[in-house]
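To keep things clear, I will list the structure first and then write my remarks on it.
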Amino acid sequence: MLAKILWLGLAYLAGSFPFGLFIAQAARGIDPRTAGSGNIGATNVARLCGTKLGVLTLACDALKGFVPVAVAWKLGGGWYASLTALACVGGHMFPVFLHYKGGKGVATAIGAVLALCPWAAVVSGLSCAALIAASGFVSVGSLFFAASLPFTAAWFGPWSIVPFTTAIAALIVWKHKDNIRRLLAREEKPWRKKAG
Ligand code: G3P
């Protein structure tokens with residue numbers, strides 16, 4: 001029991017590590033919190049520092065979701081792994097290292113769901129990529145990823161993962177409230193253009 005509680009704490013700390021901020025500052029001396037969309041995620045790092053560093057951020061943020069959840073499956077099965085996924089994604093969104101002001105959680109959620117239920121991650125992830133390609137807006141793909149996640153989790157996974165993946169999806173949508181407002185006002189920046 002103690003090991004499981006400790007692992008949950010470590011998962012939150014892993015999720016809290018702001019790879020996007022670290023990569024953008026180390027490679028380009030840019031603080032993504034003060035430029036572009038102000039987000040520390042892969043999209044804003046790609047916008048400000050180029051696609052390669054954006055992809056690197058995406059991979060690191062996904063990995064910090066994948067590894068803790070994959071270990072949690074072995075420690076405690078579906079319910080515990082799902083709670084661990086929420087801890088990782090919650091860490092990314094509300095990081096202790098950045099005064100609880102973090103990112104939107106999509107890359108970390110993709111990594112966590114990949115460990116929870118690979119088919120749900122693949123189907124929701126590919127739908128997200130298709131929506132980004134079709135719309136030109138990462139936020140549109142991200143919102144579709146979140147909207148589809150409870151359904152793909154229910155379809156492909158054990159029921160134990162559905163409540164927590166639904167909570168993660170709801171948090172992702174809530175974190176995109178400014179993007180939703182900008183999309184409705186037609187002010188959202190396409191991912192290819194540099195944000196002002
Ligand atoms: O996952 C984040 C993405 O949907 C939006 O990022 O930087 O355009 O707010 P950004």
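Table for the structure above
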item	result
Heavy-atom surface of the range 2-184, accessible at 1.4 Å and reported per residue (Å²)	45
Percentage of interatomic Cα-Cα distances in the range 24-130 larger than 18 Å	50
Extension gain from A147 to A59, taking 0.36 nm per residue of separation minus the Cα-Cα distance	29.5 nm
Global geometry of the range 79-124, whether rounded, prolate or oblate, following the gyration tensor of its Cα atoms and the 1.5 cut on a/c	oblate
Simple Cβ-charge dipole of the chain, Lys/Arg +1 and Asp/Glu -1, about Cα centre, in debye nearest 20	480
Pairs of lysines in the chain (C-alpha under 17 Å apart; 8 or more residues apart or interchain)	12
Value of [θ]222 nm, deg cm²/dmol, for the chain, DSSP H segments ≥ 4, -39500 (n - 2.57) each, nearest 500	-25000 deg cm²/dmol
Within the range 30-47: backbone nitrogen closer than 16 Å to the R181 label point (7 Å, Cα to C-beta)	37-39
Relative contact order computed over the chain (Cα-Cα under 8 Å; 6+ residues apart), in percent	22
Förster radius 45 Å - calculated FRET efficiency between A35 and S160, Cβ distance, rounded to 0.05	0.65
Shape category assigned to the chain from the gyration tensor of Cα positions, a/c cut at 1.5	oblate
The range 84-196: C-alpha gyration tensor shape, a/c 1.5 cut-off, then a/b vs b/c	oblate
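The values are calculated or read from the model by the stated rules, or taken from the named source; none is laboratory data. Keep in mind the model is a prediction, meaning the values are calculated, not measured. Note that we place each Cβ from the backbone using ideal geometry, even for glycine, and neighbour counts take in every protein chain shown. We work out accessible area using only protein heavy atoms, side chains counted, and drop any ligands, DNA or RNA first. Shrake-Rupley method; radii C 1.70, N 1.55, O 1.52, S 1.80 Å.
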